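Undergrad: The structure follows.
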Amino acid sequence: MRIDYPCLLTANHPIGLALRIGPCPSNIASLPSTKSYLCKQARDIIENAKTFNCQPAELQIDFDCATSKLLIYRDWIQAIAKEIAPIPVTITALPAWMSNKNFGELVNATKGFVLQVHSLEQARLENNSPSLCDANAAVDWVEKASRCGVPFLVALPTYGYIVVYDDNGKVRGLIAESGGPELAAGSTIQEVRSDPQALSQLVHQWSVEHPAMMKGVIWYRLPVVGDRMNWSWATLHSVMQGKSPQPNLVIRQKLTEPCLIEFFAFNDGNDDAPLPTTMTAQWTDVDLIASDALAGMELENSNPQQVTFKLQNMAILDRLRPGEERQIGWLRLNKETKVNIHVN
């Protein structure tokens, strides 16, 4: 990808670069030419940065290595480190690698590593509220990683997925920010997100006490304008402080013209707020002329003194970001009066 170095340099912070390596079969990974190719790629990345007056603080190698091939990966790291010295080389590491006796040799060939404690696992999908990170497991993994004597960071998640199942209950695919499979007839969906409450508690716990080799937490990934499944900046800021963010859904009525009342859902909290499951508007002494639902809501029933708005099935995953307001319905009465709102 193209890196906007002039923009990065304005941050006045150390800049680390990353080299992502895709799947590599064992018979190719062990070839000397593969190692040479990776060294050239690493050198080219560094040299390109320098042309923009950027001196990288580190080069992080990101490769989902097979657990049984860690020694081959170690050889890559040693060669790359020699190629770009004195720039430090770090890696991302998976918890499963720590069960291999060669894990220590691999991380000791680096200047540090990032322990990635988030993933999408079938076992967690079976929970009522599945999450991308098991906080209890993360604590255990961090303790185990610290025994290697190599400094490391812990990568925690902020993103989410929608899992799509076919009519037989089998996983058909994932929908992420960039899209995914079309929803066929009979498909069901399940949201899997990073739990800000659980992760804020984890951050607080580590802020009080953590292993000496654990040097901090990084986040995958930072919010981008337009995200719907990633945390907002308000949520991330709260979790980074070890504070549990909370949504605060408020329903606002606006009389935009005589006898026309518009209903808006507003999130006054610092975590995403789901739209109301149902919202009932009631009044007395005057009659309903017309009404409609908007933005994921539908009219469930109405009579001269009451209208009920219900959340559509697919809109159950649609939430309001902190500070976001959205019109969800309206009604027109034959005379002005007070309208009472009941939300579930």
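The values are calculated or read from the model by the stated rules, or taken from the named source; none is laboratory data. Only a predicted model underlies this, so the values are computations on that prediction, with no experimental measurement involved. Heads up, the Cβs are rebuilt from the backbone with ideal geometry, glycines too, and the neighbour counts pull from every protein chain shown.
Undergrad: Does Leu255 qualify as being over 34 Å from the mean Cα position of the chain (by Cα) and either surrounded by 18 or more Cβ atoms within 10 Å (Cβ to Cβ) or outside any helix (DSSP H, G or I) (or both)?
TA: Here the answer is yes, as Leu255 does meet what is asked.
Undergrad: Check the stretch 79-87 and report whether any residue there is buried (at least 17 other Cβ atoms within 10 Å of the Cβ), modelled with pLDDT under 95 and in a loop (DSSP other than H, G, I, E, B).
TA: Among the residues of the stretch 79-87, not one is buried (at least 17 other Cβ atoms within 10 Å of the Cβ), modelled with pLDDT under 95 and in a loop (DSSP other than H, G, I, E, B), which makes the answer no.
Undergrad: Where residues in the stretch 194-252 are free of Cβ contacts under 8 Å to residues at least 60 places away in the same chain and of a type in the set (Gly, Ala, Ser), which of them is surrounded by the most Cβ atoms within 10 Å (Cβ to Cβ)?
TA: Ser238
Undergrad: Turning to a different aspect of this structure: Go through (1) without any contact (Cβ under 8 Å) to a residue 24 or more places away in the chain; (2) among the basic types (Lys, Arg); (3) touching a Leu at 6+ places or on another chain (Cβ under 9 Å) and name the single condition Arg2 misses.
TA: Every listed condition holds for Arg2 apart from (3).
Undergrad: Being in a loop (DSSP other than H, G, I, E, B) and either over 30 Å from Met229 (Cα atoms) or among the aromatic types (Phe, Trp, Tyr) (or both) is true for just one of Asp285, Asp271. Which residue is that?
TA: Exactly one of Asp285, Asp271 is in a loop (DSSP other than H, G, I, E, B) and either over 30 Å from Met229 (Cα atoms) or among the aromatic types (Phe, Trp, Tyr) (or both), namely Asp285.
Undergrad: Hey, another quick one. What residue, of Asn340, Asn344, Asn301, is without any contact (Cβ under 8 Å) to a residue 12 or more places away in the chain, touching a strand residue (DSSP E or B) at 6+ places or on another chain (Cβ under 7 Å), exposed (fewer than 13 other Cβ atoms within 10 Å of the Cβ) and not basic (Lys, Arg)?
TA: Asn301
Undergrad: Another question about this same structure. Taking the residues in the stretch 44-56 that are within 31 Å of the chain's Cα centre (by Cα) and in a helix (DSSP H, G or I) as candidates, determine which candidate is nearest to Thr10 (Cα to Cα).
TA: Taking the candidates together, the pick is Ala49.
Undergrad: With the stretch 92-187 as the region, which strands (runs of 3 or more DSSP E) entirely inside it contain at least 2 residues that are modelled with pLDDT under 95 and surrounded by 13 or more Cβ atoms within 10 Å (Cβ to Cβ)?
TA: Output list reads 160-165, 171-175.
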